[in-house]
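Working notes, structure below.
Computed from the coordinates by the stated procedures, all read-outs in this text should not be read as laboratory data. Quantities reported herein were computed from a predicted structural model and do not represent experimental measurements. Here the Cβ positions follow ideal geometry from the backbone for every residue, glycine too, while neighbour counts run over all protein chains shown.
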């Protein structure tokens, strides 16, 4: 019986899955392309054919994580005054993505101290689509008078996503005794952010 050759997409996904496992365990710098290729069940040449080099592979790994979270936030047009609903939807998806990729995110934060330039490039490239989409969304909200027009969009976005990242790091630290739930933290972060960007009455 003849078996069907795996599609390029499935090979790419296997490489990304392998990179996630190896990099989470060993760190971005220590992980080698040979190890990642072996883990994915392909040769190193195949890895380079798909990604070019390790840096581009790691960037693609972060891009995939962000893309999965952004799939549900395709709108760039706030519906009437339902900014809270849209941002809650975004925050819940991002919070889930942060928890699913906790090991890799912590590894990246460690690597950023040792290899700041490479880490910065990977992070900037991978989160760029998310920031652009959220920036466009909040820009439209500003033009409709739903968001203060004296605030800059990029710092606004970084403050919001920063709160969500800080919450994940706090709740997954060794000191896990907290007086609140994950849902309470996300709800509070959204409420604080919305109050901060709301135009004066």
Query raised in the report: Calculated FRET efficiency, residue 195 and residue 32, Cβ-Cβ r, R0 45 Å, to nearest 0.05?
Result: 0.40
Report task. Would you order 152, 159, 24 from fewest to most other beta-carbon atoms within 10 Å of each residue's own beta-carbon? Result -> 152, 159, 24
Query raised in the report: Which order do 195, 26 fall in if you start with the one that has the fewest other Cβ atoms within 10 Å?
Result: 195, 26
Report task. In nm, give the distance between the simple-model label positions of residue 179 and residue 109, each being 7 Å from the Cα along the Cα-to-Cβ direction. Result -> 2.3 nm
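Give me 185, 180 ranked fewest to most by other Cβ atoms within 10 Å of their Cβ, as a rough exposure proxy.
Fewest-to-most Cβ neighbours within 10 Å comes out as 180, 185.
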